[in-house]
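One structure is given below, encoded as C-alpha cells.
The values are calculated or read from the model by the stated rules, or taken from the named source; none is laboratory data. What you see is a predicted model, and the numbers here were worked out from it, not measured in a lab. Here Cβ is always computed from backbone atoms with ideal geometry, including for glycine, and neighbour counts include all displayed protein chains. The area values use the complete protein model at the heavy-atom level, side chains included, leaving out ligands, DNA and RNA. Shrake-Rupley method; radii C 1.70, N 1.55, O 1.52, S 1.80 Å.
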Amino acid sequence: MEREKGENLLQLIDDYTVIDLETTGTNIYTCDIIEMSAVKVRNNEIVDEFSTLISIAGTLPSKITSLTGITDEMLVGQPPIEAALTEYIGFLGNDTIVGHNISSFDLNILYDSLLKIAGAKLSNDFIDTLRFAKHCDIECGNLKLSTICDYFHIENNQAHRSLSDCIANHYCYQKLKELYRGRNVHTKL
C-alpha cells in the first residue's frame, strides 16, 4: 500500500527544507496559492532557496494585499500553479519538511494541489514548529511565528512573505531545538 501523507515528527534534525505558502485566504479548500517558498538546510545552514509568485484567476482580496503586500499587478505574468508546483515539489525532494502551522494549513493545500494537478501524493515527513514549540520551555503568550521570532530576537522584515517567513522559521527551529524537552528526540509521534 502506498504511503499517504508523511508523519508529524518531533525530532532534532540538521538537514531539512523549510516551507511557507501565501494564499488568497484561510480556507484550505477554497484558497489559491499566490506565493510559495522554501529554503534547503544542510548541517543547520541554509544552502539553497526557492521562491515564486503564482498567477491566479481573479483578483486578490484587499485584506490579503494588506497582510502580505502582494498585489494583483505583482501576479501578472507569473507562472501558473501547475508549473510552479512541479518545480517546488522537485526542490523539496524527499527532505523532511519544516514549517509553522503546516500540519493544518500549508501541507493540506500542497497535498490537495499536487493530487489534483499531478495525481501524485506528498508523503514527506514533517516537523511543525507550532507543535514543536509546545514541547519547549518558552513563555511568550502565544505561539505565532511572529511572537516566537520576537521571543528569540529574530528579525523577519517581510512577515507574511513566504521566503522571509521560511528564513525566520529556520532560525526559530534552530533556537527551539536548544530548548526542546522531548524524552526521545528521534521518536516519530
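I'd like the chymotrypsin sites (Phe, Trp or Tyr not before Pro) in region 15-85 restricted to DSSP loop residues with at most 14 other Cβ atoms within 10 Å, sorted by number.
When the chymotrypsin sites (Phe, Trp or Tyr not before Pro) of region 15-85 are filtered for loop state and at most 14 Cβ neighbours within 10 Å, Tyr29 remain.
Give the whole-number value, in cubic angstrom per residue, of the convex hull volume spanned by the C-alpha atoms of region 45-108. Each step should come with its number before you reach the end.
Working: hull volume 8.8 nm³, N = 64.
Value for region 45-108: 137 Å³ per residue.
May I ask you to derive the relative contact order of region 81-189, considering only C-alpha pairs under 8 Å and at least 6 residues apart, and to give it as an integer percent?
Numbers: 90 pairs, mean separation 26.2, N = 109.
Relative contact order here is 24 percent.
Would you mind working out the accessible area per residue for the chain, using a 1.4 Å probe, and quoting it in Å²?
On the way: 9670 Å² over 189 residues.
With all protein chains present, the chain gives 51 Å² per residue.
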| query | How many lysine pairs are close in the chain, with Cα atoms under 23 Å apart and the two 8 or more places apart or on different chains? | reply | 20
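Over all directions, what mean area does the Cα convex hull of region 98-139 project, stated in square nanometres? Please list the in-between numbers first.
Working: hull surface 12.2 nm².
Directional mean of the projected Cα hull area for region 98-139 stands at 3.0 nm².
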| message | Run lengths n ≥ 4 of DSSP H only: what is the helix-derived mean residue ellipticity at 222 nm for the chain, with -39500 (n - 2.57) per run over all residues, to the nearest 500? | response | -10000 deg cm²/dmol
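Based on the Cβ-Cβ distance of Lys5 and Tyr180, what FRET efficiency does E = 1/(1 + (r/R0)^6) give at R0 = 25 Å, to the nearest 0.05? Mind dumping the intermediate values first?
Values: r = 23 Å, r/R0 = 0.93.
So the FRET efficiency works out to roughly 0.60.
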| query | For the chain, what percent of Cα pairs sit more than 20 Å apart? | reply | 53
| request: Determine the distance separating the Cα centre of region 153-179 from the Cα centre of region 1-64; give it in Å without decimals. | output: 14
| note | In region 104-189, the GluC sites (Glu not before Pro) that sit in a DSSP loop and have at most 13 other Cβ atoms within 10 Å of their own Cβ are Glu139, Glu155
